[in-house]
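In what follows, a single structure is set out as structure tokens and then discussed.
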Amino acid sequence: MKVLICDKTEAEAIEKMRAAGLTVDVRDDITPEELPAVLPNYDGCVVRSRTKIRQPLIDQCPNLKVIVRGGVGLDNIDADYARAKGITVLNTPRASSASVAELAIGFMFALARSLYQATATMKAEKWEKKRFEGEELGGKTLGLIGVGNIGREVARRAAALGMTVIAYDPYVSPQDVPEVRLVSLNELLERSDYISLHLPKTAETTNMIGAEQFARMKDGVRLINCARGGIVDENALYDALVSGKVAGAALDVFAEEPPSDWRLVKLDNVICSPHIGASTKEAQQRVGAEVAEKLIEFARAHGLC
């Protein structure tokens, strides 16, 4: 089976695939313009978040049998269309869970203690000790929107800090997540001191947190989004941050990446990062290993290696 690696993948994982008998070509700098001429020659491909596999490209690849996304979300792949064409679409949902969860918890600490603002004033040679009275996370209520693999990892860490954890997720039942109490979305919005998003971007979840939802939140709530850009209406978030309804936001993801409108991230009560939730050495190793395992398993099951 011929496999094209379209995005950065651990060298150890690539060698493991080759040792199993797969023909693996690495083009982790391939451009969208080059893909239509190259990908039709392959049975499988590996992508991360950079490369997009959309319907027009799928239609040009009659030999394509499997797409593996190294990561959680599939929003850069027209997955339903690919499956309808007989192409298997796989991802690595657990490999980066701990890393994303740790970033979300780190963001909570940074918001609670104004670490970004305090660092900025120190770099400006200012000593503004009285300005930065923060708060403890212990005793606060964390509302998780989405309690899949990552949400559950966040819940465990937050509970260890002494936070009360509630969650909204219409796709799980109480017995699935005994570590949290499931509530309605409105109850979560009204009760939470911190709200952290851990759900995929779909037609259903696009802009699900907008002006109406912000109005229901506590005054001074803090919002963390390490899930996907576009779940939060960024214009509504901007207004809520400017008005003080939302005391602070921590964002790893954006509706447009990189943003063309930077006004949201330039607000003093926003801390942010360039979609680095899974960017740890440990997560990258686990992602690569899981990509290799899934491709090898697929090839063996279909007699392709």
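What follows draws every value from the coordinates through simple rules; no lab data is involved. Note that the coordinates shown come from a computational prediction; the quantities given were computed from them, not determined experimentally. Using ideal geometry, Cβ is built from the backbone for each residue, glycine included, and neighbour counts are taken over all protein chains shown.
Tabulated data
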{"quantity": "Cα centroid separation, the stretch 226-305 to the stretch 134-200 (Å)", "calculated": "19 Å"}
{"quantity": "With 10 Å bins from 0: P(r) over the stretch 52-190, alpha-carbon pairs, percent", "calculated": "10, 27, 24, 21, 12, 4, 0"}
{"quantity": "(1) 38, 20, 19; (2) 31, 20, 20; (3) 36, 24, 21, with the label sought being that of the calculated semi-axes √(5λ) of the Cα gyration tensor in Å", "calculated": "(1)"}
{"quantity": "The stretch 230-284: GluC sites (Glu not before Pro) in DSSP coil with no more than 13 other Cβ atoms inside 10 Å", "calculated": "256"}
{"quantity": "Low-density loop positions, trypsin sites (Lys or Arg not before Pro), the stretch 36-128 - DSSP coil, at most 11 other Cβ in 10 Å", "calculated": "126"}
{"quantity": "Options 167, 74, 62, ranked by Cα towards positive dipole end of the chain, top entry (Cβ charges)", "calculated": "167"}
{"quantity": "Kirkwood Rh and Cα Rg combined as Rg over Rh, evaluated for the stretch 46-114", "calculated": "1.18"}
{"quantity": "Descending semi-axes in whole angstrom, ellipsoid equivalent of the stretch 171-236, from the Cα gyration tensor", "calculated": "20, 16, 10"}
{"quantity": "Long pairs among 65/294; 2/85; 140/266; 16/65; 2/294; 8/52, criterion Cα-Cα beyond 24 Å", "calculated": "140/266"}
{"quantity": "Residues whose placed amide H lies under 5 Å from that of residue 221, excluding near-sequence neighbours", "calculated": "247"}
{"quantity": "Centroid-to-centroid separation of the stretch 94-108 and the stretch 24-40 [C-alpha atoms, Å]", "calculated": "31 Å"}
{"quantity": "Average Cα contact separation per residue, the chain, under 8 Å, 6 or more apart, as relative contact order %", "calculated": "18 percent"}
{"quantity": "Relative compactness, the stretch 97-272, computed as alpha-carbon Rg over 2.2 N^0.38 Å", "calculated": "1.00"}
{"quantity": "Within the stretch 75-182, GluC sites (Glu not before Pro) in DSSP loop having at most 10 other beta-carbon neighbours inside 10 Å", "calculated": "125, 133"}
{"quantity": "Per-residue [θ]222 nm for the chain (sum of -39500 (n - 2.57) over DSSP H runs n ≥ 4, rounded to 500)", "calculated": "-10000 deg cm²/dmol"}
{"quantity": "Computed over the stretch 6-64, the ratio Rg/Rh where both radii use C-alpha atoms and Rh is Kirkwood", "calculated": "0.96"}
{"quantity": "Spatial extent of the stretch 190-305: Rg and Dmax, with the Cα atoms as the point set, Å", "calculated": "18.2, 61"}
